[in-house]
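The values are calculated or read from the model by the stated rules, or taken from the named source; none is laboratory data. From a predicted model like this one, the values you see are computed outputs, not experimental measurements. Here the Cβ positions follow ideal geometry from the backbone for every residue, glycine too, while neighbour counts run over all protein chains shown. Keep in mind that these areas ignore ligands, DNA and RNA; they rest on the heavy atoms of the full protein, side chains included. Shrake-Rupley method; radii C 1.70, N 1.55, O 1.52, S 1.80 Å.
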Amino acid sequence: MDTLTHALSGALAARAAEPGEAGGKLLPRRARLWLGFWAAAFPDSDFIVRFLDPFIYITTHRGVTHSVVMLPLWAAALGLAVWWLTRRRYSYRDIAIVIGIGIGIHILGDVITAFGTMVFAPLTDWRAQWPVTFIIDPYFTFIIIAGLVASMFMPATRKPAVIGLVALTMYVGFQGILRERALAFGEQYVAQQKLTGATVSAQPQPFSPFHWMVVVNSPTEYRISHISLLRSEPVPSPAADRHWLWQVAASYQPRERARWATVTRYGEATADVPLVRDAWQHPALARYRSFVQFPAVERIERNADLTCVWFQDIRFRLAGRTMPFRYGACRNGKQPWQLHRLVEQDGRWRPETVPA
C-alpha cells in the first residue's frame, strides 16, 4: 500500500478509537488524528535503506518496522519520544496506544498486497500475504478519505470513522471473493489442459478490483493470463503511441477471451538450462531467492569477458512495462557467480555488481 493511504488509514483508525470522554491528559482530537497519521506512515521509514543499498532494501523492506513482534517496542519507544517532545502534557499511555494503532493498521494494509510482509521479524523473514489489494488502490483510499471527511462534518461522534473502517473491511472482503473467482478460473484452466501438479495463484492488478493476473505454476514454466471478472467484451489493443497506462488497462480481457502467455523458468533453449540452474542455485543469489515468488529467467547475455543470467519475478509483471527488481548472476570465464543488478544509464541497461 502507498504511504499516503497508510497514513490516512492511521488517522481514521485513531478517530474511530477515540475515547468517548475527552479531557484530562488525553490527546485532543486534532493531535490524535495527526499522531495516527504519522504513526501509520512510520513503518515505511525503512525506505532510507534504499539510498544505502537497493538490494538490501528490497530484501528487508517490510521487515522490523512492519513486525507485530516489534510493534509494542515501537509504540513504547516512539510514544516516549512524543511524550517527551510534548513536555509530558498528555498521557503517555494514550500516546503509545494511538501509535500502536497506527503501526498496526499499516501492517494489516501491507499484508493484503502481493509484496509480502515479515510480520514476525526479526525472528523469521517469512512474509505473510493475502494478496487481494493492488499496492495503489484508489477505491481503498477513497473509502478512507470519505470516512475522514464525514468525521469532520460530524465531530460529536466517532460513528463515521467506525463506519469507514467497517466499509474498508467489507471492501477487502469483497476483493477476497473476487480473488477466489480468479483462482477458480485458473483451476478450471488447469483441469482443461490436464496440467498435473500445477498450482494456481492470483495477483491483484491496477485500476479495478476486478482485474487479476492468474499464474499457473508448473515445475518448468508459468502460464499467465490477465483477466477482468467484470468485462464481457474483449478490449482492442491500443495504438503503439498511446501511453503505457492504456496498454496495462487494455490487457485485462474477459474470462471467455482470456489470453495465456507462457514463461519458462530456465529459458527457451534446452542447452541453456544447466547454465541457468547453476546460476540460480548459486549461494550468491540466496537472498534474492528468498525474496522472489515466481522466479524465471529473463535473458542470458554473453560476451567475450562476461556471462550474465538475468532473472525476473512474474509477480510484478505488467503489460508494456519493464519489470522491477531485475537481478542476476554474472561471472568472468569460470570464476564464481556474483550477484548483479540491472541499472539504466544513458538509456541503456548495464550490469552493476551488488556488494556481498
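Defining a contact as two alpha carbons under 8 Å apart and six or more residues distant in sequence, what relative contact order in percent does the range 1-74 show? Relative contact order of the range 1-74: 30 percent. Working note: Cα gyration tensor of the range 179-316, eigenvalues times five, square-rooted, sorted largest first, giving semi-axes of 30, 19, 14 Å. Membrane-span-like helices in the chain (whole DSSP H runs, Cα extent of at least 24 Å along the helix axis, mean Kyte-Doolittle hydropathy of at least 1.0): 92-111.
Rounded to the nearest 20, the size of the Cβ-charge dipole of the range 1-159 about its Cα centre is 760 debye, with Lys and Arg at +1 and Asp and Glu at -1. Any idea which of I101, I112, F153 is furthest toward the positive side of the dipole for the range 70-193, if Lys and Arg beta-carbons carry +1 and Asp and Glu beta-carbons -1? About the Cα centre, the residue reaching furthest to the positive side is F153. For the chain, what log10 I(q)/I(0) values come out of the Debye formula at q = 0.10 1/Å, with one point per alpha carbon and no solvent? Reported log10 I(q)/I(0), two decimals: -0.74. The fraction of accessible area contributed by carbon and sulfur in the chain is 61 percent, rounded to a whole number (1.4 Å probe; ligands and nucleic acids excluded). Report, as a whole number in µm² per second, the diffusion coefficient that Stokes-Einstein gives for the range 10-84 at 10 °C and 1.306 mPa s using the Kirkwood radius over alpha carbon pairs. It diffuses with D of about 113 µm²/s by this estimate.
For the range 269-315, the relative contact order comes to 31 percent (Cα pairs under 8 Å, sequence separation of at least 6). Taking the empirical scaling 2.2 N^0.38 Å for compact globular proteins as reference, the range 292-356 has a Cα radius of gyration ratio of 1.14.
Shape descriptor for the range 79-127: Rg over Rh equals 1.16 (Cα atoms; Rh from the Kirkwood inverse mean 1/r). For S91, the solvent-accessible surface with a 1.4 Å probe is about 30 Å², rounded to the nearest 10. Under the criterion of Cα pairs below 8 Å and six or more residues apart, the relative contact order for the chain equals 11 percent. Computed with a 1.4 Å probe over protein heavy atoms only, the accessible surface of the range 92-248 comes to 50 Å² per residue.
Under a model in which nothing but the beta-carbon of Lys, Arg (+1) and Asp, Glu (-1) is charged, the chain shows a dipole of about 600 debye around its Cα centre. Note on the range 1-150: Cα Rg divided by 2.2 N^0.38 Å, N the number of residues, gives 1.06.
The Rg/Rh ratio for the range 156-228, using Cα coordinates for both the radius of gyration and the Kirkwood hydrodynamic radius, is 1.21.
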